[in-house]
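Please read the structure below before turning to the comments.
Computed from the coordinates by the stated procedures, all read-outs in this text should not be read as laboratory data. As the structure is a computational prediction, the values presented were derived from the model and not from experiment. Here the Cβ positions follow ideal geometry from the backbone for every residue, glycine too, while neighbour counts run over all protein chains shown.
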Amino acid sequence: MFRSSNPVLRRMNGENIEGVIDSNPMTVNGALGKAFILFLIAVIAGGAVFYEAMMGYADKVMLIMQIALFGGLATGLVTSFVPKLAKFLAPIYAFCEGALLVAFSLMLEVKFPGIAVQAVSGTVLVLGVMLFLYRIGAIKATQKLRATIMSGLITIVVLYLINFVGSFFNFQIPFIDGAGPMGILFSAIVVIFAALCLILDFDFIEQGSANMLPKDYEWYGAFGLMVTLVWLYIEILNLLAKLRND
């Protein structure tokens, strides 16, 4: 039995796993390979948006950003509730997120030159460090860690939701969007939680292979890892923007 606190993979609790042993099970290499495919799709989509921006089609970039936002949200929600559709929807999700993140990054680049490269470097560094710590056993996906991350995620989601709803009534939580010390501290904490979610994603893929989940769950595991990396990149980008805000 295992449980994930990833916004997508946390649905894979013990009750979901029983009785799904398959003659052609998922493997760690298979899941990582599919994660790499999703990454390439995201890069291709991002490259297309970058090209449009360099050609001066700002209106197209904004339109693509809006479509990608809703496309990514829709495919992400559907896949989280119907894991078997991951092999069909995960590539679409990756394409949407690649386009969205590049468009969003380009907007911030206008105010903070070089911030996108810093965010990408930071995300890759965090991924490498967390994978290293997981492989040497320095951080293990214990029940205590899962409970801690779950509590933190719920708190973060509630705060973001309150801030989003409050924006329609001219109310916002100062430290979420603010660039002061509290705002920077909040963003740093969120980045830490996003990084810890990678540990649970690694554990899901490893345990899924050990428990012989069906082959299709390689796409689901890759999709969950993609979700965490997208979240991590956005939060690092947000933290960097606050640190560089005058």
Out of Val102, Val82, Val165, a Gaussian network model of the chain with alpha-carbon springs under 10 Å gives the largest mean-square fluctuation to Val165
Taking a label point 7 Å from the Cα of Asn245 along Cα-to-Cβ, the residues of segment 85-125 whose backbone nitrogen sits under 20 Å from it are 104-120
Per GNM of the chain with C-alpha springs under 10 angstrom, the most fluctuating residue out of Gly46, Gly76, Gly166 is Gly166
So Ile173 and Glu206, fully extended at 0.36 nm per residue minus their Cα-Cα distance, gain in nm 8.0 nm
To the nearest 0.05, the calculated FRET efficiency linking Phe88 and Asn24 through their beta-carbon distance, R0 being 25 Å, is 0.85
So Ala188 and Phe70, fully extended at 0.36 nm per residue minus their Cα-Cα distance, gain in nm 39.8 nm
Of the convex hull drawn through the C-alpha atoms of segment 65-109, the volume per residue in Å³ is 50
Nearest-0.05 FRET efficiency for Ile162 and Val78 at R0 = 35 Å, using Cβ-Cβ distance, is 0.85
If the chain between Phe39 and Gln143 were fully extended at 0.36 nm per residue, the gain over the current Cα-Cα distance would be 34.5 nm
By the Cα gyration tensor axes a ≥ b ≥ c (a/c under 1.5 gives rounded; else a/b larger than b/c gives prolate, otherwise oblate), the shape of segment 16-136 is oblate
Fraction of alpha-carbon pairs in segment 121-193 farther than 14 Å apart, rounded to whole percent, equals 71
Farthest towards the positive end of the dipole of segment 56-172, among Ile154, Leu73, Gly56 and with Cβ unit charges of +1 on Lys and Arg and -1 on Asp and Glu, lies the Cα of Ile154
Given (i) 0.97; (ii) 1.07; (iii) 1.11 as possible values of Rg/Rh (Cα atoms, Kirkwood Rh), the one from the coordinates is (i)
